[in-house]
Amino acid sequence: MRTVLVGVTGCVAIYKACEVVRGLQKAGVRVKVVMTEHATEFIKPAMFRALTREPVAVGLFDDAPGDPIHHISLAKEADLFLIAPCTANVMGKIAHGIADDLLTTTAMATSAPLLIAPAMNVNMYESTANQENMRALRERGVAFVDSGSGYLACGDMGKGRLADVDEIVSRALQMLGARRDLVGKRVLITTGPTVEPIDPVRFISNPSSGKTGFALAEAAQERGAEVQLVCGPVQLDNPAGVEVMRVKTALQMYDAVDARFDDTDIAIFAAAVSDFRPAKPADYKLKKGSADAQLQILELVENPDILASMGARKRPDQVVVGFAAETEDVEENARKKLVSKHADLIIGNLAGNGRAFGTEENEIVLVDADGIAHAGPTSKRDLADIILDAALKV
Ligand code: CTP
C-alpha cells in the first residue's frame, strides 16, 4: 500500500485537511500526518490520530517508541509528501532550507515528491517574498495545487484560498500513481499563440491560452521526461521542473524549435501559430487619417510552418504530434494534416465559438496511420496523459 505523508500547518483552512485525509484513504492510500505546533492550536493531534489510526507526529524530539530519529523514518516511509494547507511561513522555510521543526525537517530529509497546497491571506499570497519562494520551489520540482480566488477567512477577497479538497486529492493520487514511462525521453512542446506586430502597439494574434501545452508539459515531466516548452505570450506560471522558453513571434518560435528539435524524442506542436505576419511592420505607431499605405491594405506574408518543417526532417526514431483546431470537419482535416505535415499523430478538436481556446476541458480525436480514436470531454490534464499514451504507441 502506498503512503502519503500529509503535513498540516497552522491556518484556518486546516479543517479541510481532515477531508483531504479521508479522500486519500477512500482511494486506498495509507495516510500518516505530521503537524506543526501552530497547527495544533487549531486542531488537536487526536483528530488526525482517530482519522488515520496512526500515531501523529508534532515535535522534533517526541520520538515514537523505538524510533529515535523520527524525521528520517517518516521521510523514508512517504511515497508522497503533501502539505495541505501550507502557510507562507512553512513554504518560506522549505524554500530556504530552514528545518526547525519535525515537518520542515522531514520535508528536507525526504526523497519523495513534494506537493504543496498553499492557503493564506491574499496580500501574503501576492507578497514578493511568497511569490519568490513559490517560484524557487517550483524550479526545484516541487508541485503545487495552487490557491483559488474567493472570499477568505480574514474577510478579504482574492487569491489565497486552499484549493478544493477534490482537486488536492486527485492531484496527490495522480502523482502517487504517476507512471514513469518517459524516463530518459526528451519532449519538446510548443504552445500558446504567437503575436505578429503591425506596429509597436498593434499586432495580429489569437486567443490561445496555452493551457493544453502546459498540461502536456506537466504530464510529461511527471512521467519522467526531460521537457522543454516553447510558448508564445500566455498568463501561466512555469510548470515544475520544465525548461520554458518564452517567445513572441512565429519566427522566434521557429528558431527556438529548430535549435532543439534534433535532440528531441517526442515533439508536440500545440501552439496556435499565426499563419501570416505583416510584411513590413512599422517601427512607429500608425496614425489614423495619415497617408500610411498599411492603413489601407495590410500586406501579409506567410510564416514558416514549424510542424510541417520538423515533420519533413524527422528521423524514424522521433515522434511528431500536431494539432488541428477546426471549426468543421475535424476528422477529415486531421487526416489531411497527418499527411501534409508528415506527422505521426494529429490531435483534432473543434475550436471557436467558446470551444477549446481558453477552456479547462476539451474533446479530441486522435488520428494516426492506424485509424482514429476519440477522447473526452475531460480536463486538459487528463487529455495530456491520453495524448502522451498515444504518442508512445505510434
Ligand atoms: N503549425 C505550426 N506552424 C505554423 C502553423 C501551424 O507549427 N505556422 C502547427 C500547429 O502548432 C498545429 C498544426 O500545425 O500543430 C495545425 O495548425 P492549424 O492552425 O490547425 O493548421 P494550419 O496549418 O494553419 O492549416 P489551416 O489554416 O489550413 O487549417
Requested in this report: Give the residues of region 48-62 that are surrounded by 14 or more Cβ atoms within 10 Å (Cβ to Cβ) and out of contact with any strand residue (DSSP E or B) (no Cβ under 9 Å at 6 or more places or on another chain), sorted by residue number.
Outcome: LEU60
**Report entry** Residue under evaluation TYR284, criteria (1) within 19 Å of GLY322 (Cβ to Cβ); (2) aromatic (Phe, Trp, Tyr); (3) away from the ligand (no atom under 16 Å from the Cβ), criterion not met
**Finding:** (1)
Query raised in the report: Looking at region 324-343, which of its residues are charged (D, E, K, R) and more than 9 Å from the ligand (Cβ to nearest atom)?
Result: GLU328, ASP329, GLU331, GLU332, ARG335
Report task. Among the residues of region 326-344, count how many are part of a helix (DSSP H, G or I) and either free of Cβ contacts under 8 Å to residues at least 40 places away in the same chain or under 18 Å from SER274 (Cα atoms) (or both). Result -> 10
Query - When residues of region 33-47 are limited to those that are of a type in the set (A, V, I, L, M) and in contact with a helix residue (DSSP H, G or I) (Cβ under 7 Å, 6 or more places away or on another chain), the one surrounded by the fewest Cβ atoms within 10 Å (Cβ to Cβ) - result: ILE43
**Report entry** Number of positions in region 308-323 that are closer than 15 Å to VAL273 by Cβ and either free of Cβ contacts under 8 Å to residues at least 40 places away in the same chain or away from the ligand (no atom under 16 Å from the Cβ) (or both)
**Finding:** 2
Query raised in the report: What is the residue count in region 39-95 for residues that are assigned to a strand (DSSP E or B) and of a type in the set (Phe, Trp, Tyr)?
Result: 1
Query - Extreme residue, nearest to CYS18 (Cα to Cα), among residues of region 148-175 that are among the charged types (D, E, K, R) and part of a helix (DSSP H, G or I) - result: ASP166
Query raised in the report: Can you find a residue in region 29-43 that is farther than 21 Å from LYS76 by Cα, acidic (Asp, Glu) and free of Cβ contacts under 8 Å to residues at least 60 places away in the same chain?
Result: yes
Query raised in the report: Can you tell me which of ILE116, ILE189 is free of Cβ contacts under 8 Å to residues at least 40 places away in the same chain, in contact with a strand residue (DSSP E or B) (Cβ under 8 Å, 6 or more places away or on another chain) and part of a strand (DSSP E or B)?
Result: ILE116
Query raised in the report: Tell me, which residue of region 225-256 that is among the small types (Gly, Ala, Ser) and at pLDDT 95 or above is surrounded by the most Cβ atoms within 10 Å (Cβ to Cβ)?
Result: GLY232
Report task. Determine which single condition ILE98 fails, assuming it passes every other condition in (1) in contact (Cβ under 8 Å) with a residue 12 or more places away in the chain; (2) in a loop (DSSP other than H, G, I, E, B); (3) closer than 30 Å to ALA153 by Cα. Result -> (1)
Requested in this report: Report whether or not LYS380 is touching a Phe, Trp or Tyr at 6+ places or on another chain (Cβ under 9 Å), under 21 Å from ASN206 (Cβ atoms) and more than 11 Å from the ligand (Cβ to nearest atom).
Outcome: yes
Report summary line: Checked pairs for region 264-291, first in contact (Cβ under 8 Å) with a residue 24 or more places away in the chain, second of a type in the set (Asp, Glu), C-beta under 6 Å and 6 or more apart or across chains, list as SER274/GLU196; PHE276/GLU302; ARG277/GLU196; ALA282/ASP199; LYS285/ASP199; LEU286/ASP199; LEU286/ASP292
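The values are calculated or read from the model by the stated rules, or taken from the named source; none is laboratory data. Remember, it's a predicted structure, so these values are computed and weren't measured experimentally. Note that we place each Cβ from the backbone using ideal geometry, even for glycine, and neighbour counts take in every protein chain shown.
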